[in-house]
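Values quoted throughout were computed directly from the atomic coordinates according to the rules given, and no laboratory measurement underlies them. If you're wondering where the values come from, they're calculated on a predicted model, not measured in any experiment. Using ideal geometry, Cβ is built from the backbone for each residue, glycine included, and neighbour counts are taken over all protein chains shown.
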Amino acid sequence: MPAHHDLPYRALFAHPELVRELLTTFTPLKLFDDVALSAFEAVDPAYVSEGLAARQNDIVWRVRIGGQCLYVYILLEFQSGMDRWMALRMQNYVGLLCQNLVKRHALPPSLMLPPVLPLVFYNGVPRWNASVDLAALVDAPAELMPFQPSQRYVLIDRQRLDPAALEANATLLALLIRMELSSAPEVRNKVLPALLTWFKDAPQASLMRSVEVWLQALAARRGNPESFSMDSAKEVSDMGRQFETWAEEFEDVGFQKGNAEVLAKGIAKGQVAALRGVLDKLLRKRFGALPEPAAQRIATATQAELEQWFERGLDAPVLDDVFGGDATSA
């Protein structure tokens, strides 16, 4: 199961706008600069797994560039420390993806495998120092090295992004990253107004809903589970005051001091309650007021159940489908 703070990011990257921004703004690649949003198609990553179990924090997109399709594999990593074996994991995931294409006879007429861009979006506090190339983890004589695996991935370490470059970037994803990393006065005076302007200039109801869920999750992680919306000017004003409180609380748990151990304890505290608030916000946004039995199920659910319902809630057509049964009965 993905951690509760993976899920809102997964909701963001379910939108092609943010996937394209991730590729064009936070990687050195120029291949995607002029690619239309219509060329992006989400792919079910359920088959990309360890032990054939679906990895719900993995995101796969297929992008058509000219006459060729390539695959973008985004692995969300919100763990407290880096993973030395990430390159090996990524080789397994990419291999499973390609193997599935062969099995489904989904290759082009040339019968050539498509290119895959493996990308790790890392949101942890400690600096990522694992090798991005599997070949660097193999100890073999020089004459055998050509026969050893060499899988590379693109790393986006959110904590180490250039603040000046982020401030100069007006994309939605850059604004959301600044929302997490900036001081309270900067969020209140610069980032939040820019975020509101972005949606005023490009109103998109579905994307706004995902951003609100993401902001609600950020609020809950920082100790303020109150619900808010960007639809109301008063609530937006309140949101600015909330961020000031969150910044103080994050400093109290050592975030600005880089104390990863203390931070991890601070985030873990009350995470089930935070996830309940995020799920409740999402379902109310999609389906309106919740019937009492559904609210009771959320109030008594385990973390695993809440994570599963959140996943379903992103695109379930009716409330009953979220709970896997009748949401009107306890």
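For this structure, a couple of remarks:
- In this calculation the C-beta distance from C69 to S131 is compared with R0 = 35 Å, giving a FRET efficiency of 0.75.
- In this simple spin-label model, placing a label point 7 Å from the Cα along the Cα-to-Cβ direction at both C98 and D315 gives a separation of 2.6 nm.
- With a Förster radius of 41 Å applied to the beta-carbon distance between L29 and Q296, the computed FRET efficiency rounds to 0.30.
- Extension gain (nm, one decimal) between R152 and L181, 0.36 nm per residue minus Cα-Cα: 7.7 nm
- Between E143 and V272, the simple spin-label model (points 7 angstrom out along Cα→Cβ) gives 6.1 nm.
- Oblate is the label for the stretch 59-203. Its Cα gyration tensor axes, ordered a ≥ b ≥ c, give a/c of at least 1.5 and b/c at or above a/b.
- Cα centroid of the stretch 17-45 to Cα centroid of the stretch 79-141, whole Å: 18
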